[in-house]
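Written out below as C-alpha cells is the structure these notes cover.
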Amino acid sequence: MTEADIEAVSAVRVHGWQTAYRGLMPQAYLDALSVAADAERRRSWFARRSPEVSDLVAERNGEVVGWACVGPARDPDIAPGATELPAPRPTAGELLALYVTPALIGTGIGRTLLTAGTTRARTHGFHTLYLWVVRGNTRARRFYERAGFAPDGAEESYDVGGSSVPELRYRRSLAHEGSDRPTGQRRDSDDRP
C-alpha cells in the first residue's frame with residue numbers, strides 16, 4: 001500500500017463495514033460512516049505507523065479491491081513488553097484488518113491477502129498471529145477457521161454508536177508451518193468482507 005492508495009482503501013473498509021456489520025451494529029452508525037473521514041484518519045496513521053506494520057492491497061484492473069494490515073499484537077496478555085519501553089521484539093502478530101470490496105467477496109481476494117499477510121507476519125518474526133472478529137460475523141469466523149485460526153477464549157466488547165459489540169479473539173500458530181493452509185484443507189474462495 002502506498003499513500004496514494006489511502007482513499008481507495010478507505011472506500012473498501014467503509015463499504016466492508018456497511019456490508020459485513022449490517023444487523024450487528026446500529027444502522028445509523030453504519031450509514032454515517034464516511035470514506036473522506038476514514039481516509040483522513042488513515043493518512044495520519046499511515047504517516048506514523050511502525051516499520052513492523054505491513055499494509056497490503058489487492059488490485060484488479062488497476063483498482064484497489066482489498067486491503068489487509070498486519071503488525072505486532074496489541075493485547076498486553078499476548079504481547080510481552082507491550083506497555084514497557086523499550087519493548088522486546090514482539091513474537092506475536094495481529095491481523096489488524098482484512099477487507100474486500102463487497103461485490104468481490106468469494107473470489108479469492110481475501111484468501112490472497114491473508115496469505116500475503118501471514119507471509120509478512122513470518123518475515124517480521126511473529127510466531128503466532130491473532131485477530132479479533134465480531135462474534136455475530138459468522139461468514140468471517142468461518143473464513144478464519146478454514147484458514148487455521150481458532151478462538152483462544154478471549155472476548156471483549158466495545159461501544160459502537162451506543163451499542164455493545166462483542167468480539168472474539170482468534171489465534172493461529174505460524175511456527176513450523178510450511179504453507180498458509182492447514183493440512184487437509186482445500187483452498188476455498190474468500191468469504192471475508
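Can you find, within the range 10-62, the residue that is surrounded by the most Cβ atoms within 10 Å (Cβ to Cβ) among those that are assigned to a helix (DSSP H, G or I) and in contact with a Pro (Cβ under 7 Å, 6 or more places away or on another chain)? Give the steps one after another, and end with the answer.
Applying the first criterion (assigned to a helix (DSSP H, G or I)) to the range 10-62 yields 10-20, 27-32, 35-48.
Still in the running and in contact with a Pro (Cβ under 7 Å, 6 or more places away or on another chain): 15-16, 19-20.
Values: H15: 18, G16: 21, T19: 17, A20: 23.
So, considering only residues that are assigned to a helix (DSSP H, G or I) and in contact with a Pro (Cβ under 7 Å, 6 or more places away or on another chain), the one surrounded by the most Cβ atoms within 10 Å (Cβ to Cβ) is A20.
This table checks each residue for (1) touching a helix residue (DSSP H, G or I) at 6+ places or on another chain (Cβ under 8 Å); (2) free of Cβ contacts under 8 Å to residues at least 12 places away in the same chain; (3) aromatic (F, W, Y); (4) surrounded by fewer than 18 Cβ atoms within 10 Å (Cβ to Cβ).
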site: H127; (1), (2), (3), (4): no, no, no, yes
site: V133; (1), (2), (3), (4): yes, no, no, no
site: T138; (1), (2), (3), (4): no, yes, no, yes
site: F143; (1), (2), (3), (4): yes, no, yes, no
site: A150; (1), (2), (3), (4): no, no, no, yes
site: E155; (1), (2), (3), (4): no, no, no, yes
site: S164; (1), (2), (3), (4): no, yes, no, yes
Q) What are the residue pairs meeting all of these: first residue in the range 2-27, first residue closer than 10 Å to Y99 by Cα, second residue modelled with pLDDT under 95 and in a loop (DSSP other than H, G, I, E, B), Cβ atoms under 6 Å, and 6 or more apart or on different chains? A) G16/P193; A20/P193
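Within the range 52-76, which residues are among the charged types (D, E, K, R) and either under 18 Å from the mean Cα position of the chain (by Cα) or modelled with pLDDT under 85 (or both)?
At the first step, the residues of the range 52-76 found to be among the charged types (D, E, K, R) are 52, 55, 59-60, 63, 74-75.
Across the range 52-76, the qualifying residues are E52, D55, E59, R74, D75.
Identify the residue in the range 106-117 that is among the β-branched types (V, I, T) and in contact with a Gly (Cβ under 9 Å, 6 or more places away or on another chain) and, among all such residues, is surrounded by the most Cβ atoms within 10 Å (Cβ to Cβ).
From the range 106-117, those among the β-branched types (V, I, T) are 107, 109, 112, 115; that's our starting set.
Right, trim to in contact with a Gly (Cβ under 9 Å, 6 or more places away or on another chain) and you get 109, 112.
Details: I109: 24, T112: 16.
Checking each candidate, the answer is I109.
The values are calculated or read from the model by the stated rules, or taken from the named source; none is laboratory data. Everything numeric in this text was worked out from a predicted model, so none of it was measured. No Cβ is skipped: glycine too gets one built from the backbone with ideal geometry, and neighbour counts run over all protein chains shown.
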